[in-house]
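Read-outs throughout are calculated quantities, based only on the coordinates presented, and are distinct from any laboratory measurement. Note that the structure is a prediction, hence the values are computed from the model and not measured. No Cβ is skipped: glycine too gets one built from the backbone with ideal geometry, and neighbour counts run over all protein chains shown.
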Amino acid sequence: MMIDPLSVFLLLISASTPILFAALGELVAERAGVLNLGVEGMMITGALAGFAAAYATGNPFLGFLVAALAGAVISMLFAGLTQLFLANQVASGLALTLFGLGLAAMFGKPFEGVKAPPMPTGPLRINWIVWLGLIMVPLIWAFLNRSRAGLILRGVGENHEAAHALGYNVRLTRTAAIAFGGAMAGVGGAYISIATVLQWTEGMTAGAGWIALAIVVFSKWTAPGVLAGAWLFGGVTVLQLRLQAAGVAVPVQLLSMAPYLATILVLVIISARQKYSRRAGGGSPGSLGTNFHALR
Amino acid sequence: MILLVPRQTASNGWQIATPVMAVLATMVTGGLLFAIMGYDPVAAIRTIFWDPLFGPAASYSRPQLLIKAAPLILIASGLAIGFRAGIWNIGAEGQYIIGALTGAAVALALYPLEAWWLFPLMVLAGLAGGWAWGMIPAMLRNWFGASEILVSLMLVYVAQRVAAWMAFGPMRNPEGMGFPGSRNLQQYPSAANPELIAGTGAHWGVVAAALAVLATWVLMSRHIRGFHIRAAGTAPRAARFAGVSPTTLVAFCLGLSGALAGAAGLFEVAGPAGQVTDKLGTGYGFTAIIVAFLGRLHPVGILLAGLLLALTYIGGELAQLTMSLPAATVQVFQGMLLFFLLGFDVLTRFRIRRRLRA
Amino acid sequence: MQRRTLLATASALIMALAAPALAQDEPLKVGFIYVGPVGDGGWTYQHDLGRQAIEAEYGDRVETTFIESVPEGADAERALTQLALAGNDIIFATSFGFMDPVMNVAAKFPDVKFEHATGYKRSDNVATYDARFYEGRAVIGTIAGRMTESDIIGYIGSFPIPEVIQGINSSFIHARKVNPDVQMRVVWAYSWFDPAKEAEAASALLAEGVDVILQHTDSTAPLAQAQQAGAIGFGQASDMAAFKPSPRVASIIDEWSPYYIKRVGAMLDGTWESGASWAGIGDGEVVIGEITDAVPAEVKAEAEALRDAIGAGEYHPFTGPLNKADGSVWLAEGETASDDDLQSMNFYVEGITAQIPQ
């Protein structure tokens, strides 16, 4: 039995687009030192807002724009809690997921059962949003590693006390990173409603936000790593479904565990390298998950 | 310009006042939300907060509060200890699932044996399963410095898939007509975790939750380890000089919170849930994190927070039932409550000052 | 005996108030618990349409309520009890996983009638009901067999349980009947509703050369994928009319209204009895949605003739000679499958080369 690798690959890059967007956004937030577990809530918000806009205007691209805005807006709840009121990030993120799922379900009622306008396909019969996701990878890499703003952002994430001492505004930087994360998650969610399903239904992100969180860890907090992670996580699903379709019996549950175990392995390796050798970099941001409060 | 000044110790007055303020704020904004949605706000809020306690069917719903709150309190008690020490176990959901699986595995392996020691053995297996699943992030952190936040979270996903695998494969009920899911432990007398006193809702998990609150209180306020934990959380460097071993503390906190989460899973699968299914994890492990924070990481606070959250769940169901309020609206309302509670917490930890212009 | 169970007293009290269901001035109270949100556009949505049909049919004589998004397990038991305590006379539980909770609650409320969808446990006050979806699958299988140009049709399964396996076998048998060269590919999504995964499953099938997709999962994602690839598919659970006329060329609709109206009517007459209902096209519980013009007229006529033959009871979709996939004889010439055989079906018929995951 033969499986054409190219067809699997093409399938893979569109299937992994939602998690790629969400994970890239979370990557930027985490590099700024913010652990936002509300990805699922922001994705579903984007899925609804984007669908509603695409349906109302008939323009899918406008839908994605609105989805990005909606994701950014709802992420400000998290930013307010963690940056202004210094609430715990883990708890605030979980609360955001709960709130987002409820809010989207509540406002989604009028959009049930209607269909989104068709997505125009781009080059190689792959739609433009998939291309945008792929282009975002080098852009975010360049931003983080080659730009001054990226340097500040990483500094804030690595050691917020030092960044503050150097005169950088930790909270503002983090708020911007959270907003960017929200916008990207919103686009990722909207990809599911506008491009994959073409309809709105409650709970349609079905846990994609949580996979995105795993991907960021797998990526070792780098943009190319996120792409690799999205393809690995998406790839395992695509591959097992593809094998099933070809009539091969696969242990689905065991196979779907594999990427998470791989993520833990990657995390252990990079942590061990950081711990036992002097080479810095490549690990989790030093201030990840901790809030900053300026005493001066 | 407003300035936040950290308090040396959390303010006692505010610790009591802020949850009340948060609930009031939720009632006001939530009431507004209900009014906009076209529901009577007063009736809705009464249904959610009052009726489960004192409404017409309160004699049923009051014990249900205990059943719903018990796993939350049990898990959150363990988590809070780690959180105090700056050790972030956010994978309690996974430890809960594995505890339920290992506990249920004992019963399913010995079925249909009836013996008094079966249930205690299951509890031990549940504790051990949760402990072991919690020790994975502990050891990976101690040996390699891997973040326990991320490892424990990843292990939740793994545990969920293990549960699905078990429900469809090894633990599937041979008499279940081909449907996934194990035998129902409620119908296996020696393995069941029944209501202890009829009408109270109290099963062994409720007893365990009460014990956990007491034990963690004693631990944190009276025991030297509790002192170490608090020291490690507030001044890690000083704690190290005082001879507190960080690796022991990591193993202790993750092991303990894992074991408690595992026990919660076992009590649930042998009692209210009854079966191993692929939907074994219903989010108690994540909700417990919120409960721990709402309870200000204090055993008594956790007890109250667990009950408050259980109240909104049960009241939310009642509101669906009696007022046809959609489940989503209730979920939004719960989200608001959490936001307010988390936000107002700032007042307990900080003093608010007006910044004087220079 | 002061510690007489609170629950028993409460339920006795409520029953004293609500039991005389035949009293003319009190409307009959009908409760539902749903596993998903009413907005899922599929399984739960269709049950809720059935609930609305009850209201439309009986008007003031009935009062319906529902609780949506109830997780299976402990929460289901509480929600069912709340419905019973609220004075509902008959309660419909619309998910397989509610089975044991229904049995538990029904034992505590002997005067309340319970109806459990898709389960197999019954008692004096618990009836079960299900629909013969395989009858509808025979019709769309016929269309699929005629419409495929690549001679490969695909099937997205949710979980490998008898109901889904019946559907796969039925559609394959009838596709083969009209097209001896047809082959079927089966993919299991391990979910009833996961749009992203269903889309991937559809893509995987399309990449295998499939040009007609049948689905037993509830989202429109497979139709959206089919549309992009120029393939066709069928609406599942609901009509999915937004995808007319193509890729959705027909649909198989869960229509619960006739059953709900009948059973609530029996309650109103006082003739309700426990039993197992398994109705199909003939009773209007399985409906084939409009076959669009994308299907050639003769194929449409053929499918409609089959539908009518099944509906009239002239033809059984599982009529021998039929062999199992391992080559052994299942049904001899002219023999039809028994309901018991169907309800525990765990094999493919001859011609399907895939394996059922165990």
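Couple of notes before you dig in:
- Cα Rg, Dmax, segment B:201-254, angstrom units: 14.1, 48
- Entries of B:LYS279/C:LYS108; C:LYS29/C:LYS121; A:LYS115/B:LYS279; C:LYS177/C:LYS300; A:LYS220/B:LYS279 with Cα pairs more than 22 Å apart: B:LYS279/C:LYS108; C:LYS29/C:LYS121; A:LYS115/B:LYS279; A:LYS220/B:LYS279
- Taking trypsin sites (Lys or Arg not before Pro) as exposed when DSSP calls them loop and at most 16 other C-beta atoms lie within 10 angstrom, chain B has its longest site-free stretch at B:8-354.
- The share of C-alpha pairs in segment C:165-244 whose separation exceeds 20 Å stands at 29 percent.
- Kyte-Doolittle mean at least 0.5, axial Cα span of 18 Å or more - DSSP H helices of chain B: B:12-36, B:58-84, B:92-110, B:118-144, B:148-168, B:204-222, B:246-270, B:299-323, B:327-344
- Percent of beta bridges antiparallel (DSSP, the protein assembly as shown, rounded to nearest 5): 30
- Computed from the Kirkwood radius of its Cα pairs, the Stokes-Einstein diffusion coefficient for segment A:96-223 at 10 °C and 1.306 mPa s stands at 93 µm²/s.
- Dipole magnitude of chain C about its Cα centre (Cβ charges: Lys, Arg +1; Asp, Glu -1), debye to nearest 20: 700
- Between C:ASP181 and C:GLU273, the simple label model (points 7 Å from Cα in the Cβ direction) yields a spacing of 5.4 nm.
- Cβ-based charge dipole, chain A, positive-most Cα from A:GLY113, A:ASN36, A:LEU48: A:ASN36
- Both radii were evaluated on the Cα set of segment B:58-131; the Rg over Rh quotient, with Rh as the Kirkwood radius, amounts to 1.08.
- Segment B:233-325: radius of gyration and largest Cα-Cα distance (Dmax), Å: 18.0, 60
- Folded to 0 to 90 degrees: helix C:99-108 orientation relative to chain C principal axis, Cα: 20
- Sorting C:245-253, C:268-276, C:159-167, C:290-298 by average packing, meaning the other beta carbons within 10 Å per residue, from highest down gives C:245-253, C:159-167, C:290-298, C:268-276.
- Directionally averaged projected area (convex hull, Cα atoms, segment C:224-276), nm²: 4.9
- Comparing segment A:126-181 with the 2.2 N^0.38 Å rule of thumb, its C-alpha radius of gyration ratio is 1.35 (two decimals).
- Unit Cα scatterers, Debye sum, segment B:135-238: log10 I(q)/I(0) for q = 0.12, 0.13, 0.15 Å⁻¹: -0.80, -0.89, -1.02
- Mean shadow area of chain B, taken as a quarter of the surface of its Cα convex hull (nm²): 21.8
- The distance linking segment C:225-295 with segment C:85-162 is 13 Å (Cα centroid to Cα centroid, whole angstrom).
- Rg ratio (alpha-carbon, reference 2.2 N^0.38 Å) - chain A: 1.00
- Across every direction, the projection of the convex hull enclosing the Cα atoms of chain C has a mean area of 19.1 nm².
- Label point distance in nm, C:SER338-A:ASN159, each placed 7 Å from Cα along Cα→Cβ: 7.8
- Most mobile listed residue (C:GLU135, C:GLU255, C:GLU302) in chain C, GNM with C-alpha springs under 10 Å: C:GLU302
- Annotation: the antiparallel percentage among DSSP beta bridges lying fully within chain C is about 20.
- Peptide B:152-165 has a mean of 6 when you count, residue by residue, the C-beta atoms of other protein chains within 10 Å of its C-beta.
- Using only the C-alpha atoms, the convex hull of segment C:106-154 corresponds to 80 Å³ per residue.
- Exposure proxy ranking for C:SER257, C:SER150, C:SER219, based on other Cβ atoms within 10 angstrom of each Cβ and starting from the fewest, stands as C:SER150, C:SER257, C:SER219.
- For segment C:136-178, the fraction of alpha-carbon pairs lying more than 16 Å apart is 31 percent, rounded to a whole number.
- Entry note, chain A: the mean residue ellipticity at 222 nm calculated from DSSP H runs of n ≥ 4, each adding -39500 (n - 2.57), is -22500 deg cm²/dmol after division by the residues and rounding to the nearest 500.
- Interatomic Cα distance distribution for segment B:1-96, bins of 5 angstrom, percent: 3, 10, 11, 12, 17, 17, 15, 11, 4, 1, 0
- Expressed as a fraction of 2.2 N^0.38 Å, the value expected for a compact globular protein of N residues, the C-alpha radius of gyration of segment A:166-257 is 1.39.
- Computed E for A:VAL73/B:ILE352 - FRET, C-beta separation, R0 30 angstrom, nearest 0.05: 0.70
- The alpha carbons of the protein assembly as shown stretch over 91, 79, 55 Å along the principal axes, in descending order.
- P(r) weight above 21 Å for segment A:1-90, C-alpha pairs, percent: 45
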